[in-house]
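All remarks here apply to the structure that follows.
The values are calculated or read from the model by the stated rules, or taken from the named source; none is laboratory data. All values reported here derive from a predicted model rather than from experimental measurement. Here Cβ is always computed from backbone atoms with ideal geometry, including for glycine, and neighbour counts include all displayed protein chains. Just so you know, the surface numbers come from the protein's heavy atoms only, side chains and all, with ligands and any DNA or RNA stripped out. Shrake-Rupley method; radii C 1.70, N 1.55, O 1.52, S 1.80 Å.
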Amino acid sequence: SAVISQKPSRDICQRGTSLTIQCQVDSQVTMMFWYRQQPGQSLTLIATANQGSEATYESGFVIDKFPISRPNLTFSTLTVSNMSPEDSSIYLCSVGRTLYEQYFGPGTRLTVT
Amino acid sequence: AQSVTQPDIHITVSEGASLELRCNYSYGATPYLFWYVQSPGQGLQLLLKYFSGDTLVQGIKGFEAEFKRSQSSFNLRKPSVHWSDAAEYFCAFGYSGGSNYKLTFGKGTLLTVNP
C-alpha cells in the first residue's frame, strides 16, 4: 500500500477564485489519479497524472478548469479554477500499483459559496 | 462499454447479522474487481480485490467476496456485521484505457447498522 496525504483537508472558497490541492505520497509511484466525488455520488475520474508527461483528462474535464502538475514521483497538485458552486465536491487523489490497484488519499472537501 | 452496477442504494442490517452487498459488472474480458469502503469524512480504503484464480477472495475486516462469471457478479459478504462497518461501499472495475489503467466505480451502497 501507500500512505497518501492531501492538503487542505477542507476549504470554503468564493466563486470565481481558484484552489490548489496537494497530494503527497510516501513512496515513488508512476501513476497518480485525481477524482471528484460530488455530494451523494460516486467517484468520477478527472485525469491521470503520470510523471514526465502531460496529464490525460477524461471526457467532460479540461485542462483550463483543472490544471494538474506532476513535478516528481511523490507529488501532484490539482487546481480547481474559476470556481462555481457546482464545483463543491470531495476531490481525491490516488496512486496506482500493479494491475489496476489504487490507493486513495483522505480527500479534500471543497465548498464554493 | 464496461460498467459496474450496485443495485442497492441503502441497506440496513442489525449488528451481528450477516451482510451481502451486490455488485454486477459488464465487460467482455476478464475483469479486475475491487471493493472499497468509505467511512464518513474519510477517503477510500481497499477491502479486497479479484484478479484471477480462486473465485472466493478474502479481504480485511472479515469481508469476503465471490466472483461468479456466469452471473457477472462480485458480491461482498460478511457473516456478522459490527457497528463500525457502517459506511459506504463501492464496487469498482479495472480496465485499460489508452496507456493507463483506470477504475470505474459503482454508485455505492450505504450501509446502516442498527444496534
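At-a-glance table
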item	result
Top-ranked residue of the stretch B:23-64 - restricted to ones that are in a loop (DSSP other than H, G, I, E, B) and open to solvent by 70 Å² or more (accessible area, probe 1.4 Å), ranked as nearest to B:Gln2 (Cα to Cα)	B:Tyr27
Residues of the stretch A:1-21 that turn out to be touching a Ser or Thr at 6+ places or on another chain (Cβ under 9 Å), of a type in the set (S, T, N, Q) and under 24 Å from B:Phe90 (Cβ atoms), as a count	2
Some residue of the stretch A:71-79 being under 13 Å from the mean Cα position of the chain (by Cα), within 29 Å of B:Ile9 (Cβ to Cβ) and at pLDDT 90 or above	yes
Extreme residue, most open to solvent (accessible area, probe 1.4 Å), among residues of the stretch A:60-104 that are in a loop (DSSP other than H, G, I, E, B) and within 13 Å of chain B (Cβ to nearest Cβ)	A:Arg97
Selected residue (criterion: nearest to the other protein chains (Cβ to nearest Cβ)) from residues of the stretch A:28-52 that are open to solvent by 70 Å² or more (accessible area, probe 1.4 Å) and more than 27 Å from A:Pro85 (Cβ to Cβ)	A:Thr30
Members of the stretch B:82-96 found to be over 15 Å from the mean Cα position of the chain (by Cα) and part of a loop (DSSP other than H, G, I, E, B), listed by number	B:His82
Flag for A:Gly107 being touching a residue at least 60 places away in the same chain (Cβ under 8 Å), within 14 Å of chain B (Cβ to nearest Cβ) and on the phi > 0 side of the Ramachandran plot	yes
